[in-house]
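Notes follow the structure.
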Amino acid sequence: MRRSLPGTAALQAFESAAFHGTITAAARELSRTQSALTRQIQALEAHLGVALFERRRQRIRLTPDGERYLEHVRAAFDRLEAAALELRTPGSGGVLRLGILPTYGTRWLIPRFPTFAAAHPAIQVHFTTRLSVFDFASEDLDAAIHYGEGHWPGAACEPLMDEEVLVVCSARYRDERQLREPRDLARATLLQISSRPQAFDDWLQARAVDGVDGRRGPRFEHHQMALEAAIAGLGVAVLPAFVVDDELLRGTVVEAFEASRARTGKGYWLAYPERRATLPALRAFRDWLLAQHGRPAQARSSSVRAST
């Protein structure tokens with residue numbers, strides 16, 4: 001099957017010029033002349049039928065079409081590099097491109113990751129973090145950590161852990177506001193998290209607490225910022241247990257009142273496109289991750305097909 005594809009030399013010229021912002025620097029990096037590099041980029045633009053750069057004196061800048069095309073070119077080069085690495089290290093190595101949630105990544109995964117790296121030195125894991133949902137159809141990812149329920153269109157989902165949350169603040173803040181029971185939240189500053197706008201409402205509903213507005217209070221982008229605000233004595237936060245367990249042991253935060261823990265009915269999942277399930281790097285990481293979460297052997301050998 002013959003494909004209408006530009007040559008790799010032209011794609012390398014495009015990627016390098018986009019990175020450096022000048023033809024001169026790109027030509028130096030690729031050991032080519034400026035005129036040769038310019039011709040390759042012009043040929044690529046003619047092949048695609050769009051302008052990839054805006055020329056401004058000695059500088060160049062990507063057009064909107066160029067920015068979109070650059071994402072695909074870089075993903076293709078990354079995938080080719082990963083394939084070459086897997087061939088050089090058959091059965092034991094390769095590259096895993098993993099999407100992770102910032103809080104799960106920094107508070108749970110990264111502290112434990114050295115054991116995986118030591119057990120699988122030939123596997124490179126490239127981490128991508130984001131608060132929004134990852135899209136396997138448009139992003140070059142092998143797997144992602146998913147929060148919510150076990151549903152991801154076109155992917156398999158394996159459960160990692162159920163979410164347990166609790167209400168925390170500094171000991172000084174608790175004493176100053178005289179927080180003793182859930183209804184006392186009515187006189188507390190509620191530290192909201194943008195990605196979980198219903199966290200307080202869900203907790204209050206689970207505890208059948210009336211008379212408290214769960215949507216008021218300052219907003220923070222993610223869990224870690226809300227935790228730091230709670231430590232600083234700015235208010236009360238609803239946070240996952242794995243985020244605050246260490247702080248509770250150190251005493252930097254306390255439960256706002258007794259028995260504040262509650263199950264949310266949601267959890268964390270490992271999701272991956274079924275076409276990637278046989279990748280050696282993904283298999284190794286999946287087995288390690290499920291073992292770290294204490295999932296039984298049968299859970300590690302099966303997956304839940306995500307519904308659309």
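The values are calculated or read from the model by the stated rules, or taken from the named source; none is laboratory data. In this text the structure is predicted, and so the values were computed from the model without any measurement. Virtual Cβ from ideal backbone geometry, glycine too; neighbours counted across all protein chains shown.
A few points about this structure:
- Just one of the numbered conditions (1) assigned to a loop (DSSP other than H, G, I, E, B); (2) within 24 Å of the chain's Cα centre (by Cα); (3) surrounded by 15 or more Cβ atoms within 10 Å (Cβ to Cβ) is not true of residue 267: (1).
- Looking at the stretch 117-225, the strands (runs of 3 or more DSSP E) lying wholly inside it that each contain 1 or more residues that are surrounded by fewer than 18 Cβ atoms within 10 Å (Cβ to Cβ) sit at 123-129, 143-148, 155-169.
- Subset of the stretch 56-69 (residues that are surrounded by fewer than 17 Cβ atoms within 10 Å (Cβ to Cβ) and in contact with an Asp or Glu (Cβ under 9 Å, 6 or more places away or on another chain)): 61, 63
- Counting only residues that are among the basic types (Lys, Arg), under 29 Å from residue 68 (Cα atoms) and in contact with a helix residue (DSSP H, G or I) (Cβ under 7 Å, 6 or more places away or on another chain), the stretch 107-165 holds 0 of them.
- Residue list for the stretch 113-171, filter: hydroxyl-bearing (Ser, Thr, Tyr), more than 16 Å from residue 103 (Cα to Cα) and at pLDDT below 95: 138
- Test: residue in the stretch 238-245 that is of a type in the set (Asp, Glu), modelled with pLDDT of 95 or more and under 19 Å from residue 168 (Cα atoms): no
- The stretch 246-264, residues that are part of a loop (DSSP other than H, G, I, E, B), modelled with pLDDT of 95 or more and within 23 Å of residue 187 (Cβ to Cβ): 252, 253, 256
- Checked against the criterion of being in contact (Cβ under 8 Å) with a residue 40 or more places away in the chain, closer than 23 Å to residue 243 by Cα and in contact with a His (Cβ under 9 Å, 6 or more places away or on another chain), the candidates 191, 131, 96 yield just one match: 131.
- Residue list for the stretch 25-50, restricted to those being surrounded by 14 or more Cβ atoms within 10 Å (Cβ to Cβ), under 20 Å from residue 67 (Cα atoms) and in contact (Cβ under 8 Å) with a residue 12 or more places away in the chain: 26, 37, 38, 40, 41, 43, 44, 48, 50
- Scanning the stretch 275-308 for residues that are modelled with pLDDT of 50 or more and part of a loop (DSSP other than H, G, I, E, B) yields 277, 278, 279, 293, 294, 295, 296.
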